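So the structure is just underneath, and the comments pick up after that.
The values are calculated or read from the model by the stated rules, or taken from the named source; none is laboratory data. These numbers were taken from a predicted model, which means no experiment stands behind them. As a convention, Cβ positions derive from the backbone with ideal geometry for all residues, glycine included, and neighbour counts pool all protein chains shown. What goes into the accessible areas is simple: the full protein's heavy atoms, side chains included, and nothing from ligands, DNA or RNA. Shrake-Rupley method; radii C 1.70, N 1.55, O 1.52, S 1.80 Å.
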Amino acid sequence: METDLEDPLLGESDRDDDQKRTAGGPPGPEANSSARQSSLIQSSSNLANTVVGAGIMSLPHAIAVLGVAFGSGVLVLVYLLARLSLAKLISLTQQTRAQSYSQLVRKQLGPAGDVFLQASIIINNAGILVVYLIILGDIAVGSPPKYDGLLSTWFGLDAGKTWYLARPFV
């Protein structure tokens with residue numbers, strides 16, 4: 001099936017390979033090459049999908065809880081604050097010639113600020129680890145009173161009565 005739509009994320013070699021596959025021919029040698037390079041647009045799109053992907057999934061729930069008007073207002077406020085923060089980071093980076101965020105903090109706030117930054121990163125990572133463990137427990141065992149997680153569903157076990165599937169153990 002031929003389409004007139006072009007994918008802006010595909011390079012010329014990718015487009016040629018797709019045409020050869022749809023025409024029944026083998027893909028070109030560059031299709032299997034591990035040395036194939038990505039363009040700046042492809043890399044930027046991949047990074048944007050990674051960063052925005054998880055956050056965008058929570059927007060419908062946030063708007064449902066806050067309401068359309070207030071939720072949209074909060075969304076615009078967060079956008080403005082993020083833009084202001086980014087502009088300030090860029091300005092300070094150009095002024096100080098810092099090569100990393102840690103260097104920028106050290107130059108602007110001194111050694112105490114750098115220690116605070118490192119502690120904040122550790123606390124953030126520990127919190128994310130706890131969230132992942134809670135999600136893993138919910139998926140594996142489920143939550144009371146049904147305990148309808150994967151392990152109890154797949155193996156037909158009652159997770160509320162089996163000690164190794166109980167929530168404190170998992």
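The lone criterion from (1) open to solvent by 60 Å² or more (accessible area, probe 1.4 Å); (2) hydroxyl-bearing (Ser, Thr, Tyr); (3) modelled with pLDDT of 75 or more left unmet by TYR164 is number (3).
Across the stretch 44-56, the number of residues qualifying as loosely packed, with under 10 Cβ neighbours inside 10 Å and not polar (S, T, N, Q) comes to 3. Based on this model, can you work out whether ASP114 counts as open to solvent by less than 80 Å² (accessible area, probe 1.4 Å), of a type in the set (D, E, K, R) and either modelled with pLDDT under 95 or touching a Leu at 6+ places or on another chain (Cβ under 9 Å) (or both)? Against the criterion (open to solvent by less than 80 Å² (accessible area, probe 1.4 Å), of a type in the set (D, E, K, R) and either modelled with pLDDT under 95 or touching a Leu at 6+ places or on another chain (Cβ under 9 Å) (or both)), ASP114 qualifies.
Among the residues of the stretch 57-92, those that are open to solvent by less than 50 Å² (accessible area, probe 1.4 Å) and closer than 26 Å to LEU104 by Cα comprise SER91, LEU92.
Residue-wise test of (1) under 30 Å from TRP154 (Cα atoms); (2) in contact (Cβ under 8 Å) with a residue 60 or more places away in the chain; (3) more than 24 Å from the chain's Cα centre (by Cα).
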residue: VAL68; (1), (2), (3): no, no, yes
residue: VAL74; (1), (2), (3): no, no, no
residue: PRO111; (1), (2), (3): no, no, yes
residue: GLN118; (1), (2), (3): no, no, no
residue: ILE128; (1), (2), (3): yes, no, no
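When PRO8, PRO27 are screened for being open to solvent by less than 90 Å² (accessible area, probe 1.4 Å) and either modelled with pLDDT under 80 or touching a helix residue (DSSP H, G or I) at 6+ places or on another chain (Cβ under 8 Å) (or both), only PRO27 passes. Of SER120, SER152, all but one fail to be surrounded by 10 or more Cβ atoms within 10 Å (Cβ to Cβ) and at pLDDT below 75; the exception is SER152. From the list LEU136, LEU104, the one residue that fits, being at pLDDT 85 or above, aliphatic (A, V, I, L, M) and either touching a strand residue (DSSP E or B) at 6+ places or on another chain (Cβ under 7 Å) or part of a helix (DSSP H, G or I) (or both), is LEU104. On inspection, GLN99 passes the criterion of being open to solvent by 90 Å² or more (accessible area, probe 1.4 Å), modelled with pLDDT of 80 or more and not aliphatic (A, V, I, L, M).
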